[in-house]
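The structure that follows is given in the form of structure tokens.
The values are calculated or read from the model by the stated rules, or taken from the named source; none is laboratory data. Quantities reported herein were computed from a predicted structural model and do not represent experimental measurements. Cβ sites come from the backbone with ideal geometry, for glycine too, and all protein chains shown count toward neighbours.
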Amino acid sequence: MARRVSPSGSATRATRANAGARSGDATARASPAARAHAAAELGRVAEAIAARFLESHGLEIAMHNFRRRLGEIDLVAREGPVLVIVEVRTRSTQKYGGAAASVDWRKRARIIRAAHLLRRKHAAYAQKRIRFDVIVVFNALAENPQVQWIKHAFSEC
């Protein structure tokens, strides 16, 4: 196939994009909206896997996706007198420290702010102790995904 070349001698942007698509790179063909939709769907699948995992370990799921302007909580669960705030992460590789390492201080601060708001909005949670956990789901779209549960992943201090 002939390659289009600009007057300066370099391949045009359209040609480079088509070359990426021809090479089998799915992300080269996907629009940003399609990539965002796929990422959101992966997140929903991982959250469902995490919820089933926690239920199988005796926790009661109280809420999914508590989202507010100041932050968001993926799962809220109860384990006896403790309110468990769960951040669900998934990654395709362990590159760059993996999913658990991606819960940096900014993300933790947003989760903590959302947890305080949750306690103010729901009187039943106001006096409960809070524990912050992270659930990492590996291969969420596979037939047998792997789950890592990090209890007490971080604290408010």
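Which one of R69, R120, R110 is within 20 Å of A40 (Cβ to Cβ) and loosely packed, with under 11 Cβ neighbours inside 10 Å?
Of R69, R120, R110, the one residue that is within 20 Å of A40 (Cβ to Cβ) and loosely packed, with under 11 Cβ neighbours inside 10 Å is R69.
Does I61 satisfy the criteria of being in a strand (DSSP E or B) and at pLDDT 75 or above?
Yes: the conditions hold for I61.
Provide a single number: the residues in region 101-129 that are of a type in the set (A, V, I, L, M, F, W, C) and in a loop (DSSP other than H, G, I, E, B).
2
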